Amino acid sequence: MKFTKMHGAGNDYVYVNCFEEPVASPAEVAVKVSNRNFGIGSDGLILIMPSDKADVRMRMFNSDGSESEMCGNGIRCVAKYAYDHGIVNKTEITVETGAGILTLQLFPNDANKVDRVRVNMGPPRLAREEIPMNGSPVSQVVSEELTVLDKTFKITCVSMGNPHCIIYVDDVANFPVATYGPLIENHQLFPRRTNVEFIQIISRGEVKQRTWERGAGETLACGTGASAVCVAGVLNNVTDRTILNHLAGGDLELEWVEHGPVFMTGPATEVFSGEITL
């Protein structure tokens, strides 16, 4: 199988051009290629596929083989690959995902290679049933208490096509993400599990984020999570509608348009290409 390793702010995936070759049993392939000791090493597998609804289609599999609806960092890399490798020849494209069809604006550099992408992530889903969460279906989850082990957190939950649980902490760098992340991910509140964002507020326009990603563990960045964090900050009146989010792998720029979509702008980087025998 031919592949290309790419990352968006350190959130790395193995990409396969399914315009040229199919991938059988992608869930199994995702587990094998993601292994950082015996495989290529990644947070998962992303397939770049033909679509009858958009310019390209994206399917995304976590490192444990589970399929997710969307990946904000991954979709930027899909756009970069499609442009740089000649699948598309325009700087505004559409991508079909499990969370719907998204529109992306591409920014080529002087060498005519894309290094930044702006994604229309669509409007957030805020009702419990849309996230999904157990409980009263129409209610929003803003600063709701959740007790895990010895701590009671105030959680805000948002879906950006996939579920996110946002928690504010005083010192995100030293917070035990690996302890509480998996327990919240698999909490009975979330019938399809959830991603968990731990956030430190720097100012109304700036935050720091660490993410425990559903099916992958802690990752260096999460684009849908950063988008959800932008929304949560407005719902809690702790940040503005436009923020700069510092993640371990790099920075993302977010804007939540009032009564409209979230826009995310960030880098997309190709690392190397190769071939692996499965």
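Brief remarks follow.
- Stokes-Einstein translational diffusion, the stretch 128-260 - Kirkwood Rh over all Cα pairs, 1.567 mPa s, 4 °C, in µm²/s: 89
- The charge dipole of the chain, taken about the Cα centre with unit charges on the Cβ atoms of Lys, Arg (+1) and Asp, Glu (-1), comes to about 100 debye, rounded to the nearest 20.
- Charged-residue dipole, Cβ positions (Lys, Arg, Asp, Glu), the stretch 128-260 about Cα centre, Debye nearest 20: 260
- Between D115 and I276, the contour length at 0.36 nm per residue exceeds the Cα-Cα span by 55.4 nm.
- Taking every lysine pair in the chain that is 8 or more places apart or spans two chains, those with Cα atoms closer than 14 Å amount to 4.
- A viscosity of 1.306 mPa s and a temperature of 10 °C, combined with the Kirkwood radius over C-alpha pairs in the Stokes-Einstein formula, give the stretch 227-278 a diffusion coefficient of 123 µm²/s.
- Evaluating 6.51 cos²θ - 1.76 cosθ + 1.60 at θ = phi - 60° for every residue in the stretch 151-168, the Karplus couplings come out as 10, 10, 9, 9, 9, 10, 10, 9, 10, 10, x, 9, x, 9, 10, 9, 10, 8 Hz, glycine and proline recorded as x.
- Dipole magnitude of the stretch 1-56, debye to nearest 20 (Cβ charges: Lys/Arg +1, Asp/Glu -1, about Cα centre): 200
- In the chain, the calculated helix contribution to ellipticity at 222 nm averages -5000 deg cm²/dmol per residue, counting -39,500 (n - 2.57) for every DSSP H run with n ≥ 4.
- Calculated FRET value between A27 and A127, using beta carbons and R₀ = 25 Å, to 0.05: 0.25
- Gain on full stretching of the segment that runs from E92 to D240 - 0.36 nm per residue minus C-alpha separation: 50.6 nm
- Binned Cα-Cα distance frequencies in the stretch 37-94 - 10 Å width, integer %: 21, 51, 24, 4
- Over 36 Å [Cα-Cα, the chain], rounded percent: 11
- Label-zone membership for the stretch 166-183, site V142, 7 angstrom Cα→C-beta point, backbone N under 18 Å: 166-168
- L149-R192 FRET efficiency (beta carbon distance; Förster radius 35 Å; 0.05 resolution): 0.95
- Most positive-pole-ward Cα, H164, V148, T242, against dipole of the stretch 128-260 from beta carbon charges: V148
- Sorted fewest first by neighbouring Cβ atoms within 10 angstrom, R214, R118, R76, R204 come out as R204, R118, R214, R76.
- Sites count as exposed loop sites when they are GluC sites (Glu not before Pro), lie in a DSSP loop, and have at most 14 other Cβ atoms within 10 angstrom; the longest stretch of the chain without one is 21-257.
Values quoted throughout were computed directly from the atomic coordinates according to the rules given, and no laboratory measurement underlies them. Since the model is a prediction, treat every value here as computed from it, not as a measurement. Note that each Cβ is placed from the backbone with ideal geometry, even for glycine, and that neighbours are counted across all protein chains shown.
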